[in-house]
1. Just want the ordering: Trp49, Trp71, from fewest to most Cβ atoms lying within 10 Å of their own Cβ.
2. Any idea how far apart Ala95 and Val40 come out in nm if each label point goes 7 Å out from Cα toward Cβ?
3. About the Cα centre of region 1-69, what is the dipole size in debye to 20, counting +1 per Lys and Arg Cβ and -1 per Asp and Glu Cβ, all else neutral?
4. Report the relative contact order of the chain, percent, no decimals, based on alpha-carbon pairs under 8 angstrom and at least 6 residues apart.
5. Counting Lys and Arg as +1 and Asp and Glu as -1, what is the net charge of the other residues whose Cβ lies under 10 Å from the Cβ of Thr5?
6. What is the distance, in nm, between label points placed 7 Å from the Cα along the Cα-to-Cβ direction at Gln76 and at Arg104?
7. Mind giving me the FRET efficiency for Met19 and Leu86? R0 is 22 Å, r the Cβ-Cβ distance, nearest 0.05 is fine.
8. For region 24-117, what is the Kirkwood hydrodynamic radius in Å, using each pair of distinct C-alpha atoms?
Amino acid sequence: MLELTMATVSGEEGATAGMQMADAPSEAGAVLRVGRDRAVCRLVTPDDWLFVSRVHLEFLCGPEGTWQVTWLQGSQPDPSSEVRLLVGEYAQALAYGGTVTLPRGGNGEIVIRDRTAPRSVNVGFYHEF
């Protein structure tokens, strides 16, 4: 099972807006998406947060229950956000269009940060065996 929690954070003070949660079983082909498009995303950001694509992140379960996350390329050649994966003391930038495997049985956070304003979307994850 992969459990996700999402919070939108804005302003210099780091005001947090509503929290959303979603989960999916660790079965090959299971998918969870984060973005502005309510029709395809389980975790939906505010419509006017254009630094987040319609479908920004895709969590996909592969064979043997391994989860990966992909920063999907949007309609623009250059993104207006940055995406970082944080697991404990480890931090890694995720490349635009890139994919990274999540640690089995681990937890962490993926942060989508606006390059032009003090706003972010923080997606916490917990991969349960």
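A short reminder: the numbers here are calculations on the coordinates, not readings from a lab. Everything numeric in this text was worked out from a predicted model, so none of it was measured. Heads up, the Cβs are rebuilt from the backbone with ideal geometry, glycines too, and the neighbour counts pull from every protein chain shown.
1. Details: Trp49 19, Trp71 24.
With the sparsest Cβ surroundings first, the list reads Trp49, Trp71.
2. The modelled label-to-label distance comes out at 2.2 nm.
3. Values: 5 positive and 10 negative charges, 45 e Å.
Taking the Cα centre of region 1-69 as origin, the dipole is about 220 debye.
4. Working: 312 pairs, mean separation 33.0, N = 129.
26 percent.
5. Details: positive: none; negative: Glu3, Asp23, Glu109.
Once positives and negatives cancel, what remains is -3.
6. 3.9 nm
7. Details: r = 18 Å, r/R0 = 0.81.
Approximately 0.80, to the nearest 0.05.
8. Working: mean 1/r = 0.0725 Å⁻¹.
Across region 24-117, the inverse of the average 1/r is 13.8 Å.
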